Amino acid sequence: MDQWNVLLVDDHPLMRKGLSQLLRFEPEFETVNEASNGTDAIAAVARQEPDLIVLDLNMKGMSGLDTLRALRNDGCTSTIVILTVSDSPSDISAIVRSGADGYLLKDSEPEELIEKLKSAMTGEKAYSDEVKEYINQGANQTSPLSVLTEREMQILQQVAKGFRNKQIAENLYISEATVKVHLKNLLKKLGVDSRVAATVLYLENEPTSL
């Protein structure tokens, strides 16, 4: 029987502990280590690369997408599966393009979650049913928002909610200057010249996300 070392990366302690306990019931998962943020995860992988990394998408500081990209750029060959509450098509597209081996939703049944993580370790892609449906049916209908990074999407969503730069900075725990840089970049990528135009584009493509 194959046995795998696992690294859980999530900024919610309760989520990490619950998933850790769930995995420890399965003999295939030999050791389960934890990291509370992307920076610590990258350091842990550098010390000893695990077989499987289960990575949260929306974390304070370094996001799951940025962590994924950094790991792949560093040559990490671990199986990396995203575990998140987000079923946003733009998030799914960005994650798949960045080299993840799976995208699972946190509302998955425990048995399904374990089964799909095991399947990822045998070379299959681990997708929740909703994610698989999007990939199979809608991947060829690219959203104009898919060009944005996860952080840019977060900022655009905040803009669509009517928040100003200072409020966005406080909500996302980043500086106001960083907000301005991301906002400038996302407007350029979307080919629009105002917050209002960006909001309209967002609402046309992500009407249920606010």
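So which of Ser119, Ser128, Ser98, Ser108 is at pLDDT below 95 and closer than 28 Å to Val192 by Cβ?
From the options Ser119, Ser128, Ser98, Ser108, the qualifying one is Ser98.
Out of all the residues in segment 89-109, which are more than 18 Å from Trp4 (Cβ to Cβ) and either among the aliphatic types (A, V, I, L, M) or in a helix (DSSP H, G or I) (or both)?
Pro89, Ser90, Asp91, Ile92, Ser93, Ala94, Ile95, Val96, Arg97, Leu105
Going through Val179, Val159, Val147 one at a time, which residue ends up being touching a helix residue (DSSP H, G or I) at 6+ places or on another chain (Cβ under 9 Å), among the β-branched types (Val, Ile, Thr) and under 30 Å from Thr79 (Cβ atoms)?
On the way: Val179 fails: under 30 Å from Thr79 (Cβ atoms); Val159 fails: under 30 Å from Thr79 (Cβ atoms).
None of the other options fit; the residue is Val147.
State which residue is least open to solvent (accessible area, probe 1.4 Å) when the search covers only segment 152-166 and only residues that are under 15 Å from Val196 (Cβ atoms) and among the charged types (D, E, K, R).
Once the filter is applied, the top-ranked residue is Lys161.
Residues in segment 167-210 that are over 22 Å from Asn58 (Cβ atoms), open to solvent by 80 Å² or more (accessible area, probe 1.4 Å) and either part of a helix (DSSP H, G or I) or of a type in the set (Lys, Arg) (or both): how many?
Count: 4.
Report yes if some residue within segment 69-81 is within 14 Å of Asn58 (Cβ to Cβ) and of a type in the set (A, V, I, L, M); otherwise report no.
Checked against the condition, which is being within 14 Å of Asn58 (Cβ to Cβ) and of a type in the set (A, V, I, L, M), segment 69-81 yields no hits at all.
Looking at Lys106, Lys116, Lys132, which one is under 23 Å from Leu83 (Cα atoms) and in contact with a Gly (Cβ under 9 Å, 6 or more places away or on another chain)?
Working: Lys106 fails: in contact with a Gly (Cβ under 9 Å, 6 or more places away or on another chain); Lys132 fails: in contact with a Gly (Cβ under 9 Å, 6 or more places away or on another chain).
Unique residue meeting the criteria: Lys116.
What are the residues in segment 69-90 that are open to solvent by less than 20 Å² (accessible area, probe 1.4 Å) and either touching an Asp or Glu at 6+ places or on another chain (Cβ under 8 Å) or touching a residue at least 60 places away in the same chain (Cβ under 8 Å) (or both), if any?
The answer is Cys76, Ser78, Ile80, Val81, Ile82, Leu83, Thr84, Ser88, Ser90.
Residues in segment 119-140: is at least one within 11 Å of the chain's Cα centre (by Cα), open to solvent by less than 50 Å² (accessible area, probe 1.4 Å) and in contact (Cβ under 8 Å) with a residue 40 or more places away in the chain?
No, segment 119-140 contains no residue that is within 11 Å of the chain's Cα centre (by Cα), open to solvent by less than 50 Å² (accessible area, probe 1.4 Å) and in contact (Cβ under 8 Å) with a residue 40 or more places away in the chain.
How many residues does segment 20-53 hold that are in contact with a helix residue (DSSP H, G or I) (Cβ under 8 Å, 6 or more places away or on another chain) and farther than 21 Å from Ala70 by Cα?
6
The values are calculated or read from the model by the stated rules, or taken from the named source; none is laboratory data. Since this is a predicted model, take the numbers as computed values, not measurements. Note: ideal-geometry Cβ built from the backbone for every residue, glycine included; neighbour counts use all protein chains shown. Please note that ligands, DNA and RNA were not included when accessible areas were found on the heavy atoms of the full protein model with its side chains. Shrake-Rupley method; radii C 1.70, N 1.55, O 1.52, S 1.80 Å.
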